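Here's the structure we're looking at; comments come further down.
Taken together, the values in this text are just the output of simple stated rules run on the coordinates, not laboratory data. Here the structure is a predicted model, which is why all the values come from computation and not from measurement. Glycine also receives a Cβ, built like all others from the backbone with ideal geometry; neighbour counts cover every protein chain displayed.
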Amino acid sequence: MKQTLNYLFEHKTLSREHARQILLDLGKGAFNEHELSAFMTVYLMRTITIEELMGFRDALLELCVPIDFEDRKVMDIVGTGGDGKNTFNISTLSCFIVAGAGQPVAKHGSYGASSISGASNLMESLGYKFKNGQAQLRKELDETNMCFLHAPVFHPALKAVGPIRKNLRVRTFFNMLGPMVNPSNPTYQMVGVYNLEIARIYNYLLQGQDREFSIVHSLDGYDEISLTSDVKLITASGEKIFTPSQLGGMQVDGKEIWGGETVEEAAAIFMRILNGEGSPAQNAVVTANASMALYMTPAYNDYATAFETAKESLESGKALGVLNSLMAIQS
């Protein structure tokens with residue numbers, strides 16, 4: 001690692017193969033926490049290159065516990081995190097709405113590193129038991145349209161860096177890697193990014209994969225459709241700008257989508273919304289994100305139809321029913 005660090009400190013970048021080998025060694029426990037902290041800090045000082053990100057991704061997928069849902073065309077909705085906004089768990093809520101609308105979801109997530117409550121913090125607090133067994137996860141998917149893939153139980157390399165990321169409490173390149181290494185290889189993926197440079201990198205990477213994708217970025221810095229500003233949407237077909245009124249029927253203030261100060265507060269907000277007690281702003285934001293996710297599937301020819309379907313999933317209690325059924329399987 002010392003040689004690699006000196007190389008990087010000279011403002012040089014890694015080849016895809018060198019980056020792959022570093023992550024393979026990391027997964028085998030070859031580096032101490034000080035070496036890992038220094039390595040991650042390099043990517044706080046400059047943008048990661050496409051070659052480096054591809055190499056890191058290659059290694060994590062090589063090391064990961066495989067899972068194959070075969071005929072089920074699953075979706076993932078995930079943000080990179082790292083936007084510093086501390087919103088409530090919008091992506092995870094959107095997943096339950098999408099599942100309630102009939103689209104199978106294999107949500108990939110982890111504990112919050114740069115946020116108070118990551119997807120895994122939330123799911124664990126609700127009583128979900130992390131697992132990587134094919135049969136158990138397939139049962140959840142078949143019976144509820146939803147399962148949760150806790151990144152550290154699928155990616156051994158992530159266990160080594162988890163405590164360091166938590167202590168640093170700033171975004172690292174692992175924020176970017178998370179959405180790229182869902183072990184189920186989803187057919188559909190919506191990724192929220194915190195800046196346009198990262199959107200460009202994801203666009204390049206996702207173009208080379210056999211999946212439908214949408215990349216979303218709120219132009220005031222949110223890594224999701226926040227309805228606080230215009231949103232850039234990037235797909236294989238090109239780029240578009242949408243206004244909040246086009247996506248959710250209203251513009252909201254950032255204070256209205258705040259995620260709380262603790263995991264317990266985040267879970268309480270999550271449950272209020274699923275129980276039909278969310279504010280108009282909260283409901284509009286999660287519905288907009290779920291709608292955009294549904295819109296990329298063949299079942300929807302227009303965003304308006306996807307929006308009405310997502311809205312009905314939330315308001316009718318179908319999304320809540322997915323959660324209740326999923327938790328019932330845990331016992």
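Which whole-angstrom value gives the distance between the alpha carbon centres of the stretch 86-159 and the stretch 176-216?
17
Pairs LYS131/LYS318; LYS255/LYS311; LYS2/LYS129; LYS107/LYS240; LYS131/LYS240; LYS28/LYS85: which are spaced more than 28 Å apart, C-alpha to C-alpha?
In this structure, LYS2/LYS129; LYS131/LYS240; LYS28/LYS85 exceed 28 Å between Cα atoms.
Under 16 Å Cα-Cα from LYS232, which aspartates and glutamates qualify once same-chain neighbours fewer than 8 residues away are excluded?
ASP83, GLU197, ASP220, ASP223, GLU224
Quick one: length gained pulling SER125 to ILE329 fully straight, 0.36 nm per residue minus the C-alpha distance?
Working it through step by step, the gained length comes to 71.9 nm.
Under the rule of -39500 (n - 2.57) per DSSP H run of 4 or more residues, summed and divided by the residues of the chain, what mean residue ellipticity at 222 nm is obtained, to the nearest 500 deg cm²/dmol?
-15500 deg cm²/dmol
So for each of 136-145, 31-40, 216-225 I average, over its residues, the number of other beta carbons within 10 Å; can you give me the resulting order with the highest mean first?
Working: 136-145: 17.3, 31-40: 15.3, 216-225: 23.9.
Highest to lowest by the protection proxy: 216-225, 136-145, 31-40.
How would you rank CYS147, CYS95, going from fewest to most other Cβ atoms within 10 Å of each one's own Cβ?
Neighbour counts put them in this order, fewest first: CYS147, CYS95.
As a test, work out the antiparallel percent of DSSP beta bridges whose residues both lie in the chain, rounded to the nearest 5.
If I count the DSSP bridges inside the chain, around 40 percent turn out antiparallel.
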